[in-house]
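S.K.: My structure is below; once you've seen it, I'll send some questions.
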Number of protein chains: 2
Amino acid sequence: MVDAGAPPFDFDLRQTLGENLRRLRAERDWSQEDLAFECQLHRTFVAHVERGKRNISLDNIAKLASALGVPAYRLLVPPAD
Amino acid sequence: MVDAGAPPFDFDLRQTLGENLRRLRAERDWSQEDLAFECQLHRTFVAHVERGKRNISLDNIAKLASALGVPAYRLLVPPAD
């Protein structure tokens, strides 16, 4: 056990998820509305997640991944560049 | 766009996260309380996440991953076996 204090925190994780969503959605030529429809989520929710504005839940990550046809962990892998 | 209906849903994602947490925690010889302390989360919260009982948020996934010193996506990769 180390000292408590603030744990290191991955502030980029929301951005990583947002970028991956946007890229995978674009690859499918889907609008945000298309993706939202496939997941039964709201378009503004999808828009906010893509911009890193929402603290999305695991179940909704699963819904997005299923709609996009990718394993959920792929949504959290930092882009290569 | 395909028919709406219920999207395919990865019901196992909570279980995958729970199993990964438990394994990584055990590798470090940490109790649930140790991990909770490192993340500044509650021990019962960690216990529930390990059992797939909680719909954890992305920010809390990031905290757990940081405390365990692994990239967050690793927590969602299905175990090999």
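Throughout, read-outs are computed from the coordinates displayed, never taken from laboratory work. None of these values were measured; they are calculated from a predicted model. All Cβ positions, glycine included, derive from the backbone under ideal geometry; neighbour counts span all protein chains shown.
S.K.: Taking the dipole about the Cα centre of chain B, with the C-beta of Lys and Arg at +1 and of Asp and Glu at -1, give me whichever of B:75, B:37, B:48 is farthest to the positive side.
M.R.: Sorting the options by dipole projection puts first B:37.
S.K.: If you don't mind, another one. Just to confirm the numbers: residue A:55, label point 7 angstrom along the Cα-Cβ line, distances to the other copies in nm, shortest first?
M.R.: Inter-copy label distances (nm, one decimal, shortest first): 1.5.
S.K.: Let a ≥ b ≥ c be the square roots of the eigenvalues of the Cα gyration tensor of the stretch A:19-66; is it rounded (a/c under 1.5), or, if not, prolate (a/b larger than b/c) or oblate?
M.R.: Working: a/c = 1.40, a/b = 1.25, b/c = 1.12.
Cα axes put the stretch A:19-66 in the rounded bin.
S.K.: Sticking with this one: Rank these for me by crowding, A:16, B:44, going from fewest to most other beta carbons within 10 Å.
M.R.: B:44, A:16
S.K.: Based only on other Cβ atoms within 10 Å, what is the fewest-to-most ordering of A:49, A:77?
M.R.: A:77, A:49
S.K.: Taking residue B:29 in one copy and the same position in all the others, each labelled 7 Å out along Cα→Cβ, what are the pairwise distances from the first, in nm, shortest first?
M.R.: Here the equivalent label points are 5.8 nm apart from this one.
S.K.: Might you report the magnitude of the Cβ-based charge dipole of the stretch B:13-70 about its Cα centre, with Lys and Arg at +1 and Asp and Glu at -1, to the nearest 20 debye?
M.R.: Once rounded to the nearest 20, the dipole reads 260 debye.
S.K.: Which of A:53, A:63 has the fewest other C-beta atoms within 10 Å, and how do the rest follow up to the most?
M.R.: A:53, A:63
S.K.: On to the next question. One-quarter of the Cα convex hull surface for chain B, in nm²?
M.R.: For chain B, averaging the hull's shadow over all directions gives 6.5 nm².
S.K.: Tell me what chain B gives for mean residue ellipticity at 222 nm when only DSSP H runs of n ≥ 4 count, each as -39,500 (n - 2.57), the sum divided by the residue total, rounded to 500 deg cm²/dmol.
M.R.: On the way: 4 runs with 42 residues, N = 81.
Theoretical 222 nm ellipticity from helices: -15500 deg cm²/dmol.
S.K.: If you don't mind, there's one more thing I want to ask. With every atom except the alpha carbons ignored, what do you get for Rg and Dmax of the protein assembly as shown, in angstroms?
M.R.: Rg, Dmax (Cα atoms, Å): 16.0, 53.
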